[in-house]
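Structure, as structure tokens:
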Amino acid sequence: MTRSGMIRPRDRRRHAAALASALALAALAACGTSSSDDGGGGGGDAVDAAEAAAPLDPAAKVSLTIDCMPPATEKAELRQWKEDVEKFNEKYPNVTIEGKQTDPCLEPPRFTAMLKAKSQPDVFYTYFTDLQQVLDNDGATDISAYVNDRTVPALKDMDPGVLDVLKRDGKLYGLPCSNYTMGLLINRPLFEKAGLDPDRPPATWPEVRAAAKRIAALGDGTAGFGEYSAGNNGGWHYTATTYGLGGDIVDERGTGAAFDDARGRRILDNLKAMRWDDDSMGRTQLLKWGDLQKQMAAGKLGMFLAAPDDITYMVQNLGAKYEDYGMAPIPGQRATLFGGNDYMIKKGISSDKVKAAVAWITFKFLTPGKGQFDWARTKADGLPVGLPQPAFWTGATKSADDKARAASSTMPVANFRAFTAHPVQGRHEPPKAQEIYKVLDTVMSAVLTNEDADTGKLLDTARRQVDQILANQ
Amino acid sequence: MSAPVLAERQPPPSAPAAPAPRSPRDRAAFRQALRRNLTAHGFLIGAVLCFSFFSWYPMVREFFLAFEKRENGATVWAGWSNFTYIFNDPAFWQAWRNTLLFTGLALLLGFAVPFVVALVLNEFRHGRGYLRLLVYLPVMLPPVASVLLFKYFYDPGYGLFNRVLGAVGLPEQQWLQSTDTAMLSVVIAATWMNMGGATLIYLAALQGVPGEQYEAAELDGAGILRKIWHVTIPQTRLVLSLMLLMQIIATTQVFVEPFLLTGGAGPEGATLTVVQLIYQYAFTFNNYGSAAALGLVLLVLLAAFSAAYVRLSRASEE
Amino acid sequence: MTTRTLISPAQLARPRGKFLYWTAFVLVVALFTLVFVGPLYWMVTSGLKSPQEFARTPPTLVPENAHPGNYADAWGVLDLARLLGNTLYYALGALAFQLVLDVAAAYSLSKLRPALGNIVLGAMLLTLMIPAAVLVVPQYLTVLDVPIVERNLVNSPWAIWLPSVTNAFNIFLLKRFFDSIPRELLDAAAIDGASPLRTLRSVVLPISRPVLGVVSIFAVVGVWKDFLWPMLTLPDPGKQTINVGIYSLAASVTENWLLAALAIASLPTLAIFLVFQRHIVSGLTAGSLKG
């Protein structure tokens, strides 16, 4: 069960972790309203652009359904959601937000079913990687005309790469609520035990290899570095590793594989050396998402490639402690894989509804210092603060947000300094990601389970198969 | 598991549609037949509706799906493109090789082991109920439990199997993590999980072997193996050949065991089976057309195989 | 046991034969117990161990410190009560639907003989020829959007119950059993003025207990053991079956809890088996032999 969604099965509702107390709408209100739309407009795409660009008229009477409201078990998050709806209604008293508690927020089979049956709520939660599937089912409104500096004031400081993922042919189909970039997750106690400095985590693959060897030397079934090789997760991580070294999986024109080169072989040879020469990757392979987290939470694994909220997962589900972990940028630092989640707006709803949806998403998820970015409030509610995620701000907004996060942090943020101080350019997944990951999974499982694997031959075969996938569209 | 019996002699329907009634007597008979038919169909309708929606309609749909694809939110005619897609997928041939390997190994183990076990159990005059219970025990476990147990046993690091091998001085194995042994490991687990049903059926069949034939064979000086070859097997042939067919059809469709044991593909795709691939097409790539096309290929091959098998076994009986 | 089998009684009666028999018997009993009960023993005892003891090399045969609390923890953490409750609900519902609709259909086909009944039966039996794996995809798409009524059955128990009725094998078993009920019995009832429904209830069903038992057990066990279909159609964690629920939570709990959960999950069907052992065995063999 490994759609892109399943790769990060717990990447959910984290964005609901915090909410503002204050007048997040000041900026919006300042823009004034020139809308004369009476709410009749049928289908977002047909509305004229100037019309659409104006923020929602506070007088407009709109009812919005939206999924991924925090479940009852997450009391603090749910309370914040409700408070936010109230605050939102102070500005827009005529907008009714009908939250649906979908827990978890997105379950791939349910998501597929929902799109097929066109039963998604007005505003629906997706992963970045779901865009193609949504478009195939004609499920989302093109919101390009609705999103601008007036409707989303912080737009200019948002990482353009993040918005790009939600675009197809220049049209925007969603607004992000959280994102992550992949880095190197380290187990600080194991680093110390092995005589390594956890404040100076490895920055290159040779350094990773050396550190892994020392950690594995602790014995008692401890592995230095862990890697996936099943359920398409291996291909996913091979992609991240390639990005880290400045490489690519698919060439710029999107017609051929780009990983069958000296760099690709170096990646595989290094893994092979760690697995077989150093024996620093443990003996159990064919692992997938969840397995490495379990090993690390049990104190048996030193490092693996991960997103910051893997730590949250380990803390919430596996009894781990935040202070035991640190993050470093992905080895190589040339670029890294990113991902995240967003809200899209159902196709065919009225333009007032679309405007209300954009206003609500902006209010709750895209306002620096407010909404989910009011870190002081999150801390006051006893929720964790300090993970470098979401991370879609740039420029002045980013520095301000980083400062606010550090000021309210509930965990030693210094542990993530290596990661946050040197943000690595995020890149999205290749086209036909899952099909390509399946091919690359084979490569990863070969290297990690077969001592005599011929890395050159493996890459050659994989290249031909990926070329085929790309030609076979 | 349990083998359905395919040939069934049907009595002719006793209520053919009545010809147009002429006399009052005819009309009364017609009315009665009509009422009887209405009642009969009333009893039938629930099941027929379920079959229509969840069996017959999907069968038809499967065929159409294979020739359709999604494009910009609409369903369009795809011609043979779903088929060219699967034939061009390198995983297609690998999946078929793996499935054949699985079927072959499953016949060696899954077909032979239950028969031998049944032969042995049938000789015991004591504790038969207990042994029979043991063999059938795994069949009653939730498959997730059995499979996860084997996953622990197979682990090359802390797994029980390697510890046992190590304790008796044999070289440790990589089990699921080597292209050489992955499929075999899956078959061993699958055999353990599923052999109970076949064993019980063989045991029942063995009860039907007439004892005099053994005696006659003994008079000819036959040993145990010759008795098995000349008496037991011919006498249980019908069940054996039916079970063989059922087993081949079932093992070609193996899904749960490799899916849970190796996450689907296994080392270098060594445990990727045809049904895994159907699953991947449909639920990982959202490519229902190709999934349906591969399903049709599987259907056609299995149907052709079954037909050939039935013909051959008929021919050899004559 | 008086039937003559492979090895002649005369051979067995000899001292050497006796010795060999008992040696083989003890060996086989020991081996089978090890092979078939051993894993279960390992599962139950591992569920009692602490995580540290579970990870120890070599493993301890008997838990040094039994932690029955693991079972309580697993019960709570994996919410087994809900998973088991869900599964029971689906299984009993499927049982009810099959007993009502399949029995009625088999009765109709066997005794009421409607026009075109043979074609219907043939079409039903035809579904046995279609590999289940092939049908999964179109069946899933059908459940997403059932034609005519236009309902999405995902995450609803109907997605389990209604397709479970399409069990041609059960209909076949039932029909064959009903075929063996003598006509005269039914005619007598008809003369007394009993309606077909009454005849079914008061004449046919009482004598059909054995086959109903077999069909019931298969219906319940079938739902209990199914994996792919409930995984696809009941993705909501609150509605999952025990198999799917444990599978999706397996990665997020420690080993000893997981094994405790597996042991608990195995209990219901094992109990069914131990209680209804004879029915199951006879049902299995009845279906396959008397063709």
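Simple point charges give the picture: +1 on the Cβ of Lys and Arg, -1 on the Cβ of Asp and Glu, and for the stretch A:43-129 a dipole about the Cα centre of about 280 debye.
Beyond 16 Å, what share of the Cα-Cα pairs of the stretch A:420-468 is found? Please give it as a whole percent. Roughly 51 percent, once rounded to a whole number. Under the criterion of Cα pairs below 8 Å and six or more residues apart, the relative contact order for chain A equals 26 percent.
Projected over all directions and averaged, the alpha-carbon convex hull of the stretch B:160-221 occupies 7.7 nm². Assuming a ≥ b ≥ c are the square roots of the Cα gyration tensor eigenvalues, decide whether the stretch B:91-317 counts as rounded (a/c under 1.5), prolate (otherwise, with a/b larger than b/c) or oblate. Oblate, because a/c is 1.5 or more while a/b does not exceed b/c.
Between residue C:198 and residue B:30, the simple spin-label model (points 7 angstrom out along Cα→Cβ) gives 3.0 nm.
Per the Cauchy relation, a quarter of the hull surface: what is the mean projected area of the convex hull of the alpha carbons in the stretch C:9-72, in nm²?
Over every viewing direction, the Cα hull of the stretch C:9-72 projects on average to 6.3 nm².
For residue B:265, neighbours were defined as the other residues whose beta-carbon sits under 12 Å from its Cβ, and their charges (Lys and Arg +1, Asp and Glu -1) total 0. Relative to its Kirkwood radius, the Cα radius of gyration of the protein assembly as shown gives an Rg/Rh of 1.00.
Could you tell me which of rounded, prolate or oblate describes the stretch B:92-163, using a ≥ b ≥ c as the square roots of the eigenvalues of the alpha-carbon gyration tensor, with rounded for a/c under 1.5 and, failing that, prolate when a/b is larger than b/c and oblate otherwise? Oblate is the answer for the stretch B:92-163, as a/c is 1.5 or above yet b/c matches or exceeds a/b.
Helix A:309-318 and the longest principal axis of the C-alpha atoms of chain A enclose an angle of approximately 80°. Shown in residue order for the stretch B:245-261 are the 3J(HN,Hα) couplings computed by the Karplus curve 6.51 cos²θ - 1.76 cosθ + 1.60 at θ = phi - 60°: 4, 4, 5, 5, 5, 5, 6, 5, 9, 4, 9, 4, 4, x, 4, 7, 6 Hz (x for Gly and Pro). Taking the alpha carbon gyration tensor of the stretch A:252-370, multiplying each eigenvalue by 5 and rooting it gives semi-axes of 37, 24, 13 Å, largest first.
Please compute the average number of Cβ atoms from other chains found within 10 Å of each residue's Cβ in peptide A:292-301.
Mean partner shielding for this stretch: 2.
Along the axis of the charge dipole computed for the stretch A:226-274 (Cβ charges of +1 for Lys and Arg, -1 for Asp and Glu, origin at the Cα centre), the listed residues A:230, A:245, A:274 are led at the positive end by A:274. With θ taken as phi - 60° and the Karplus curve 6.51 cos²θ - 1.76 cosθ + 1.60 applied, the whole-hertz 3J(HN,Hα) list for the stretch B:271-288 is 10, 6, 9, 4, 6, 4, 5, 4, 4, 4, 3, 6, 9, 9, 9, 6, 10, 5 Hz, x standing for glycine and proline. At a 10 Å Cβ-Cβ cut-off, how would you order C:90, B:309, A:228, fewest neighbours first? Exposure proxy ranking, most exposed first: B:309, C:90, A:228. I want the antiparallel fraction of DSSP beta bridges within the protein assembly as shown, as a percent rounded to 5. The answer is about 75 percent antiparallel.
For residue C:183 and residue B:76, the FRET efficiency from 1/(1 + (r/R0)^6), where r spans their Cβ atoms and R0 equals 51 Å, is about 0.35. Working from Cα pairs under 8 Å separated by at least six residues, relative contact order for the stretch C:9-72 is 25 percent. Across peptide C:25-31, the mean count of Cβ atoms from other chains lying within 10 Å of each residue's own Cβ comes to 3. Taking GluC sites (Glu not before Pro) in DSSP loop states with no more than 13 other Cβ atoms inside 10 Å as exposed sites, chain C has its longest site-free stretch at C:151-291. Here is how the number arises for chain A: DSSP H runs of 4 or more residues each give -39500 (n - 2.57), the sum is divided by the residue count, and the result at 222 nm is -11000 deg cm²/dmol.
For the stretch C:223-257, backbone nitrogen atoms closer than 15 Å to the point 7 Å from residue A:72 Cα along Cα-to-C-beta are found at C:238-239. Taking label points 7 Å from Cα along the Cα-to-Cβ direction, residue B:108 and residue C:56 give a separation of 3.9 nm. Dipole size of the stretch B:91-317 about its Cα centre, with +1 on Lys/Arg Cβ and -1 on Asp/Glu Cβ: approximately 260 debye, rounded to the nearest 20. For residue A:177, the residues whose modelled amide H falls within less than 5 Å of its own, excluding neighbours fewer than 5 places apart on the same chain, are A:341, A:342, A:343.
Per DSSP H run of n ≥ 4, the term is -39500 (n - 2.57); total these for chain C, divide by its residue number, and report the mean residue ellipticity at 222 nm rounded to 500 deg cm²/dmol.
-20000 deg cm²/dmol, from helical runs alone.
Between the alpha-carbon centres of the stretch A:195-214 and the stretch B:258-283 there is a gap of 35 Å.
Filter A:288/A:438; A:171/A:432; A:91/A:379; A:156/A:403; A:75/A:118; A:116/B:69 down to the pairs with a C-alpha to C-alpha distance above 23 Å, please.
The pairs that break the limit, which is 23 Å between Cα atoms, are A:91/A:379; A:75/A:118.
The stretch B:80-144 and the stretch C:147-193 have Cα centres separated by 31 Å.
Near residue A:385, the amide H atoms lying under 5 Å from its own belong to A:410, A:411; only residues 5 or more places off or on other chains count, and H is placed 1.01 Å from N.
Any idea what the dipole of the stretch C:78-252 comes to, in debye rounded to 20, about its Cα centre with Lys/Arg Cβ at +1 and Asp/Glu Cβ at -1?
300 debye
Helices that extend 20 Å or more along their long axis by alpha-carbon positions and average at least -1.0 on the Kyte-Doolittle scale are, among the DSSP H runs of chain C, C:15-32, C:80-97, C:209-225, C:255-289.
Close amide H contacts of residue B:287 (hydrogens built in the peptide plane, cut-off under 5 Å, sequence separation of 5 or more or a different chain): B:282. As a proxy for reagent exposure, ranking A:159, C:187, A:260, A:130 by other Cβ atoms within 10 Å from fewest up yields C:187, A:260, A:159, A:130. Divide the volume of the convex hull around the Cα atoms of the stretch C:78-252 by the residue count and you get 133 Å³ per residue.
Each part gets one Cα centre, and for the stretch B:201-227 versus the stretch C:103-126 those centres are 41 Å apart. Of the residues B:32, B:65, B:47, the one whose Cα sits farthest towards the positive end of the charge dipole of the stretch B:24-65 is B:32 (charges of +1 on Lys and Arg Cβ, -1 on Asp and Glu Cβ, taken about the Cα centre).
Between residue A:61 and residue A:192, the modelled labels are 6.3 nm apart [label points 7 Å from Cα along Cα→Cβ]. Is chain A rounded, prolate or oblate when judged by the Cα gyration tensor, a ≥ b ≥ c being the square roots of its eigenvalues, rounded requiring a/c under 1.5 and prolate requiring a/b larger than b/c? Verdict is prolate for chain A. Dividing the summed -39500 (n - 2.57) terms of all DSSP H runs of n ≥ 4 by the residue count of chain B sets its mean residue ellipticity at 222 nm at -20000 deg cm²/dmol.
Per-residue Cβ counts within 10 Å, from other chains only, averaged over B:58-65: what number is that?
Numbers: counts 14, 8, 1, 7, 8, 1, 1, 3.
Taking the mean over all residues of the peptide, I get 5.
Neighbour counting of Cβ atoms within 10 Å sorts the residues A:361, C:191, C:7, fewest neighbours leading, into C:191, C:7, A:361.
Here, each number is a calculation from the coordinates, and none is a lab measurement. Here the structure is a predicted model, which means the values were calculated and not measured. Quick reminder, even Gly has a Cβ in these numbers, built from the backbone with ideal geometry, and neighbours come from all protein chains shown.
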